[in-house]
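What follows is a set of notes on a single structure, which appears directly below.
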Amino acid sequence: MAKNNSFASVEIIAVANNEVRNAAFAKGINRDVNLANAKKICADIKAHGYRQAELVQVLPAEKAIANGDITLVDINDNRITPENAQHYYLVLDGQHRIFATSLHNGEKDVTVIQVPAIIVELANDETVAEYISAINVTKAEWKPLDYVRGAANVQQTDLLLRYKELIKSEENPTGFPLSTLNLIFFGNSKELNKSDLSLLCQGKTEKGIKTKKKIVEGESIERGNRYINLCIRLGFRHKDIAKRYLIERFEKLRNGKNEEYAFKVFDSISPNDRQAMYNEKGNLDENKVIEQIDIIKIRMAE
């Protein structure tokens with residue numbers, strides 16, 4: 001969700017029954033809002049008025065939280081309780097239009113706008129996360145963060161939830177790029193690509209037409225977590241662990257001999273070794289990492 005001190009509340013009116021409710025969002029499931037895009041839509045609203053044919057898609061909040069597996073918040077990120085849910089519509093599609101309307105309604109001397117909406121019926125056994133992922137994947141191109149969040153929200157596996165926790169985002173600026181996560185947990189930077197994650201967002205677990213193959217296969221959460229925890233214990237910063245320099249050296253050691261050898265080499269990194277891997281500006285340097293790992297290997301063999 002967009003970050004701001006306070007947004008004006010937005011009323012949503014369902015075209016089917018004219019019921020008016022406030023806008024709600026599914027925390028951690030709705031995509032982040034790009035305020036720059038919302039401001040562009042707001043400018044269009046000022047120039048031409050609200051285009052009534054552009055309906056947002058909603059679900060009554062009490063239905064959305066019926067199974068208790070999602071958290072709803074209002075436009076200012078305040079949690080919505082089950083007791084108050086009947087006063088809200090969960091926005092499934094049209095977040096930017098809601099925030100644009102909020103920006104408009106928050107200005108002085110304007111006519112307050114109600115946003116028209118259509119109430120969605122979820123398919124049998126379809127979750128809110130699956131619906132939001134499905135409609136968004138077919139729209140503007142998602143960033144890796146969006147794919148990971150969508151897949152994790154739908155599949156709820158230990159691996160995808162770990163990816164969601166670690167991936168770089170606005171809330172986690174020192175997080176990991178998708179390629180680094182793939183190296184850490186699979187040993188292959190291209191293992192989980194956008195196509196794979198898109199299928200996972202749709203609730204699928206296999207890919208291929210003639211020959212079916214598991215989308216997620218060959219991962220090692222234990223090894224990945226052990227590697228991250230070791231790097232932290234050695235004193236490397238999160239932003240440096242997120243770079244591929246360290247994990248690429250680890251994988252080269254692991255593939256050259258075996259996993260325990262790779263951990264043994266890394267476990268032998270002294271504070272002086274670690275310091276030698278940084279340049280004069282205090283940034284982790286790829287060439288210096290390679291050189292120092294080679295020095296450690298020679299030292300271990302003596």
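Tabulated values for the structure
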{"read-out": "The chain - mean residue ellipticity at 222 nm from DSSP helices (-39,500 (n - 2.57) per run, n ≥ 4, rounded to 500)", "value": "-13500 deg cm²/dmol"}
{"read-out": "Stretchable slack from Lys194 to Arg299, in nm (0.36 nm times residue separation minus alpha-carbon distance)", "value": "33.6 nm"}
{"read-out": "Whole-Hz couplings from phi, Karplus 6.51/-1.76/1.60, listed for region 161-168; x for Gly and Pro", "value": "5, 5, 4, 4, 5, 9, 5, 5"}
{"read-out": "log₁₀ of I(q)/I(0) at q = 0.18 Å⁻¹ - region 62-192, Debye sum with one point per alpha carbon", "value": "-1.18"}
{"read-out": "Residues in region 19-38 reached by a label modelled at Glu107 [backbone nitrogen below 16 Å; 7 Å Cα→Cβ]", "value": "36-38"}
{"read-out": "Descending principal axes extents, region 72-139, alpha-carbon based, whole Å", "value": "45, 33, 19"}
{"read-out": "Nonlocal Lys pairs with alpha-carbon distance under 24 Å, region 1-104 (8 or more apart, or different chains)", "value": "6"}
{"read-out": "Sequence of Arg249, Arg244 from largest to smallest accessible area, 1.4 Å probe", "value": "Arg244, Arg249"}
{"read-out": "DSSP-loop GluC sites (Glu not before Pro) across region 231-283, with at most 10 other Cβ within 10 angstrom", "value": "Glu280"}
{"read-out": "Shape box of region 1-105 [Cα atoms, principal axes, largest first, Å]", "value": "41, 32, 18"}
{"read-out": "Spherically averaged projected area in nm², based on the convex hull that wraps the Cα atoms of the chain", "value": "20.4 nm²"}
{"read-out": "For region 214-280, the spread of Cα positions along each principal axis, largest first, Å", "value": "45, 25, 18"}
{"read-out": "Cβ-based net charge around Ala64, under 14 Å, with every Lys or Arg adding one and every Asp or Glu removing one", "value": "-3"}
{"read-out": "Ratio of the Cα radius of gyration of region 243-302 to 2.2 N^0.38 Å, where N counts its residues", "value": "1.07"}
{"read-out": "Rounded to the nearest 10 Å², the accessible area of Ser9 at probe 1.4 Å", "value": "80 Å²"}
{"read-out": "Eligible aspartates and glutamates near Lys214 by straight Cα distance, threshold 17 Å, same-chain separation 8 or greater", "value": "Asp158, Glu191, Asp196, Glu206"}
{"read-out": "Region 261-302 and region 133-193: distance between their alpha carbon centers, rounded to Å", "value": "29 Å"}
{"read-out": "Probe 1.4 Å, all protein chains present, accessible-area order of Ile70, Ile232, largest first", "value": "Ile232, Ile70"}
{"read-out": "Radius of gyration and Dmax over the Cα atoms of region 131-239, both given in Å", "value": "14.3, 48"}
{"read-out": "Accessible heavy-atom area order of Ser133, Ser195, Ser268, highest first, probe of 1.4 Å", "value": "Ser195, Ser268, Ser133"}
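The values are calculated or read from the model by the stated rules, or taken from the named source; none is laboratory data. Bear in mind the structure is a predicted one, so any value in this text is a computation, not a measurement. Counting neighbours? That spans all protein chains shown, and the Cβs are built from the backbone with ideal geometry, glycine included. Calculation scope for accessible area: heavy atoms of the full protein, side chains included, ligands and nucleic acids excluded. Shrake-Rupley method; radii C 1.70, N 1.55, O 1.52, S 1.80 Å.
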